[in-house]
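**Q** Just passing along the structure, written as structure tokens.
Just so you know, all these numbers are worked out from the coordinates, no wet-lab data involved. Computed from a predicted model, the values in this text were never measured in an experiment. Cβ sites come from the backbone with ideal geometry, for glycine too, and all protein chains shown count toward neighbours.
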There are 2 protein chains.
Amino acid sequence: MKKALKTFSDPQKLQKWCAARREAGARIALVPTMGYLHEGHLSLIAAARKKGADEIVVSVFVNPVQFGPNEDYEKYPRDEKADLAKCRAAGATAVFFPTPANMYLDGYSTYITEETLAAGLCGARRPGHFRGVCTVVAKLFNIVHPHLAVFGQKDFQQAAVIKRMVRDLNFDVQIVVSPIVREPSGLARSSRNTYLSDDERTRAVALSQALRLAKADVAAEGSVPWRACRAKIVKMLEKAGLTVDYVEAVDSETLAPVKTLAKGVAVLLAVWCGKTRLIDNIEL
Amino acid sequence: MKKALKTFSDPQKLQKWCAARREAGARIALVPTMGYLHEGHLSLIAAARKKGADEIVVSVFVNPVQFGPNEDYEKYPRDEKADLAKCRAAGATAVFFPTPANMYLDGYSTYITEETLAAGLCGARRPGHFRGVCTVVAKLFNIVHPHLAVFGQKDFQQAAVIKRMVRDLNFDVQIVVSPIVREPSGLARSSRNTYLSDDERTRAVALSQALRLAKADVAAEGSVPWRACRAKIVKMLEKAGLTVDYVEAVDSETLAPVKTLAKGVAVLLAVWCGKTRLIDNIEL
């Protein structure tokens, strides 16, 4: 039996509804997204259903605070109507479409920073990005007060930062990290893939190929010096005409750089494919 | 009928207990303190009772993160046994005595900053102070998930910063600000008064006298140029042998400086009395 899909744009109304549902005994899941939903997002909703959530709240919000001044906030793709239909089909029970004005009231002045895990990788290249992410996620947690929240492993560093914030600030929320969903070519699903030309889309396949290379190396040899493997990956990416932003191997929990690929290590990369910045990762 | 007084030191155990009490329909109040309780604190507990709270959780925690490196964290007065007895007598139902180690786990790295209201006054003189306050209060909110939380008006700027944080981060917590409790001499109750010698305690009466002067001026004349009034206040404080840290008149909500004393304005001051820093304020 499918429930009716509720929609909210007012944080206070959603907060009230969630509190009432929680009081009535419902188990609530939150799936935070920036919309323009693809199969990756839908897998997060499916993961929430699998965890036995009675109410699945999907937030759709292109959060201005996590974009830098020269980033793609304005052109980030949006399609609320399609998102709503996809949420309904995937089994969400509520969709939250806030506006920047009702999330960041006049004189907004409170921010959350995670200072260790957010310092490197994307955090170093996108100053203020994780400050924006932590702030909006904490706001969503306080509005929805979910039992669990589902994030995609595609944003590996984001998931690690959120888990740290949850631990540090004592949020009573279980964080579920759901595997990357890929296109048949291997390209990780991303709303930003819509920016790619046909040619760029073909070249972007090198990201996942490079990560499979690292995995195969470790599978064959148990542990592998990162320096040598990194060189092979960079070569492969550059051969595909991609510009490397970073290629790093880190401890999958602390995100501290490692010198040897082995189990428990994650390889993370960010590249420019034309004017589009793409990220991908693999946990070994 | 008085309830038994529960004590907790483990944040997770308190969180679980509070969640169960809330689920059972109890209305929960939080009274955050740094302990060494005096009548000011007890008035906060009384305010929580008056608001109809079924459970009143008093936290007693000298929060290291809100002290600067040259401040009085180490020597701040502590007396857990007396605090417990006072909480029981005042009608608290739970006391939370966490340790720095279980509030700030290994590798702790997440902080909350309020960037506008916390910038001036005590925030300007105590860098990082309100970052520590916001962080620990958000943690306590997430642990206790109270319906209401009571703060003292004595820390006027703190109450304003907390209210802003609650608004900005969508905390579903009602903030109650309770009036300053004074000694018969007019001296505002503070755990730090214990630092004062008899002579200093006599001189410290000038703080409340100076504030009453501002109030009397406005009562007599309706609105008063701040510049002239400020000069009188400074003179009075200096005559008592106090060293002025700041004397400011601000809008009581935005904490923006004003040029004229009138209704809705707060006069805030901080002085050094020997080696002890004292604050006091009045809302006109």
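**Q** Just need the relative contact order of region B:99-173 here, percent rounded to a whole number, with Cα pairs under 8 Å and 6+ apart.
**A** Values: 49 pairs, mean separation 24.5, N = 75.
Averaging sequence separation for qualifying contacts and normalising by length gives 33 percent for region B:99-173.
**Q** Amide H of residue B:59: which non-local residues (sequence gap of 5 or more, or other chain) have their own amide H closer than 5 Å, using H built in the peptide plane?
**A** Excluding prolines and chain starts, which carry no amide H, the hits are B:31, B:33, B:96.
**Q** Find the relative contact order for region B:140-284 and round it to a whole percent, using C-alpha pairs within less than 8 Å whose residues are 6+ positions apart. Don't skip to the answer; put the middle values down first.
**A** Numbers: 219 pairs, mean separation 30.5, N = 145.
Once normalised by length, the contact order is 21 percent.
**Q** Ok, one more. Can you check how the C-alpha radius of gyration of the protein assembly as shown compares to 2.2 N^0.38 Å, as a plain ratio?
**A** Working: Rg = 27.1 Å, N = 568, 2.2 N^0.38 = 24.5 Å.
In units of the globular-protein estimate, the protein assembly as shown measures up at 1.11.
**Q** 7 Å from Cα along Cα→Cβ at both residue A:125 and residue A:223: what's the point-to-point distance in nm?
**A** 2.8 nm
**Q** Could you identify which residue out of A:96, A:156, A:171 has the top mean-square fluctuation in a GNM of chain A using Cα springs shorter than 10 Å?
**A** A:171
**Q** Please list, in order along region B:200-215, the HN-Hα scalar couplings obtained from phi with the Karplus expression 6.51 cos²θ - 1.76 cosθ + 1.60 (θ = phi - 60°), rounded to whole Hz, x for Gly and Pro.
**A** 4, 4, 5, 5, 5, 5, 4, 4, 5, 4, 4, 5, 5, 4, 4, 4
**Q** Could you tell me the calculated FRET efficiency between residue B:88 and residue A:88, based on Cβ-Cβ distance and R0 = 51 angstrom, to the nearest 0.05? Don't skip to the end; give the middle numbers.
**A** Numbers: r = 54 Å, r/R0 = 1.06.
Here the calculated transfer efficiency is 0.40.
**Q** Separate question: Just to be sure I understand: chains B and A are related by a rotation, so which residue of B has its Cβ closest to that axis, and how close in Å?
**A** B:112, 3
**Q** Sorting B:145, B:38 on the 10 Å Cβ count, fewest up front, what's the list?
**A** Working: B:145 20, B:38 16.
Neighbour counts put them in this order, fewest first: B:38, B:145.
**Q** How big is the gap, in Å, between the Cα center of region B:3-51 and the Cα center of region A:37-95?
**A** 38 Å
**Q** Ordered by residue, what ³J(HN,Hα) values in Hz, to whole numbers, does region A:216-228 give under the Karplus form 6.51 cos²θ - 1.76 cosθ + 1.60, where θ = phi - 60° and Gly and Pro are x?
**A** Once θ is set to phi - 60°, the couplings for region A:216-228 become 5, 4, 5, 4, 6, 10, x, 9, 9, x, 5, 4, 5 Hz.
**Q** For region A:191-283, just run the numbers: alpha carbon Rg, then divide by 2.2 N^0.38 Å, N being how many residues it has. Each step should come with its number before you reach the end.
**A** On the way: Rg = 13.2 Å, N = 93, 2.2 N^0.38 = 12.3 Å.
Computed over Cα atoms of region A:191-283, the ratio equals 1.07.
**Q** On to the next question. List the longest stretch of chain A that has no exposed loop site; here a site is one of the trypsin sites (Lys or Arg not before Pro) assigned by DSSP to anything other than H, G, I, E or B, with at most 11 other Cβ within 10 Å. Mind showing how you got there, number by number?
**A** On the way: sites that count: A:2, A:75, A:259, A:263, A:275.
Here the longest segment lacking exposed loop sites spans A:76-258.
**Q** Can you list the copy-to-copy distances for residue B:220, using a point 7 angstrom from Cα toward Cβ, in nanometres, shortest first?
**A** Result, one decimal in nm: 9.2.
**Q** Taking the number of other C-beta atoms within 10 Å as the exposure measure, put A:226, A:272 in order starting with the fewest. Walk me through the intermediate numbers first.
**A** Working: A:226 22, A:272 12.
The most exposed by this proxy come first: A:272, A:226.
**Q** Going by amide H atoms built from the backbone, whose H comes under 5 Å of the H on residue A:204, apart from near neighbours?
**A** Close amide H contacts, sequence-distant or interchain: none at all.
**Q** Evaluate the distance, in nm, between pseudo-label points positioned 7 Å from the Cα of residue B:197 and of residue B:209 along their respective Cα→Cβ axes.
**A** Simple spin-label model gives 1.9 nm for this pair.
**Q** Would you please classify the overall shape of chain B from the alpha carbon gyration tensor, given that a ≥ b ≥ c denote the square roots of the eigenvalues, rounded means a/c under 1.5, and beyond that prolate means a/b larger than b/c while oblate covers the rest?
**A** On the way: a/c = 1.72, a/b = 1.65, b/c = 1.04.
The shape class here is prolate.
**Q** Could I ask something else about it? Rank the residues B:34, A:165 as a footprinting-exposure proxy: fewest other Cβ atoms within 10 Å of their Cβ go first. Write out the running numbers ahead of the final one.
**A** Numbers: B:34 19, A:165 25.
If I rank by nearby Cβ atoms, fewest first, I get B:34, A:165.
**Q** Put the label 7 Å from Cα along Cα→Cβ for residue B:235; what are its distances to the other copies, in nanometres, shortest first?
**A** Inter-copy label distances (nm, one decimal, shortest first): 8.4.
**Q** With 20 Å as the limit, write out which pairs from A:51/A:163; A:13/B:16; B:163/B:259; A:163/B:139; A:16/A:51 have Cα-Cα distances beyond it, or answer none.
**A** Working: A:51/A:163 18 Å; A:13/B:16 26 Å; B:163/B:259 24 Å; A:163/B:139 15 Å; A:16/A:51 23 Å.
Pairs exceeding 20 Å: A:13/B:16; B:163/B:259; A:16/A:51.
**Q** Before anything else, pin down the relative contact order of chain B: Cα pairs under 8 Å, at least 6 apart, normalised by residue count, whole percent.
**A** On the way: 494 pairs, mean separation 49.3, N = 284.
Once normalised by length, the contact order is 17 percent.
**Q** Under unit Cβ charges (Lys, Arg +1; Asp, Glu -1), what dipole magnitude, rounded to 20 debye, does chain B have relative to its Cα centre? Can you show the working numbers first?
**A** Working: 40 positive and 30 negative charges, 118 e Å.
Around 560 debye, computed over chain B.
**Q** Compute the length gained on full extension between residue B:27 and residue B:235: take 0.36 nm times their separation in residues and subtract their Cα-Cα distance, giving the result in nm to one decimal. Display every interim value, and only then the final one.
**A** Details: separation 208, 0.36 × 208 = 74.88 nm, distance 4.80 nm.
Length difference between fully extended and current span is 70.1 nm.
**Q** Classify region A:62-191: rounded, prolate or oblate, from the alpha-carbon gyration tensor (a ≥ b ≥ c, eigenvalue square roots; a/c under 1.5 rounded; otherwise prolate if a/b is larger than b/c)? Don't skip to the answer; put the middle values down first.
**A** Details: a/c = 1.21, a/b = 1.15, b/c = 1.05.
It is rounded, given that a/c, with a ≥ b ≥ c, falls under 1.5.
**Q** A further question follows. Which distances, in nm and shortest first, link the residue B:78 label point to the same label point in every other copy, taking 7 Å along Cα→Cβ?
**A** 5.2
**Q** Something else now. How far is it, in nm, from the label point at residue B:78 to the one at residue A:259 when both lie 7 Å from their Cα along the line to the Cβ?
**A** A separation of 4.1 nm, rounded to one decimal place.
**Q** With the cut-off at 1.5 for a/c, could you classify region A:1-64 from its C-alpha gyration tensor as rounded, prolate or oblate? Let's see the in-between values first.
**A** Details: a/c = 2.05, a/b = 1.15, b/c = 1.78.
Note, shape of region A:1-64 comes out oblate.
**Q** Return the single residue from B:58, B:95, B:234 with maximal mean-square fluctuation; model: Gaussian network over chain B, springs between Cα atoms under 10 Å.
**A** B:234
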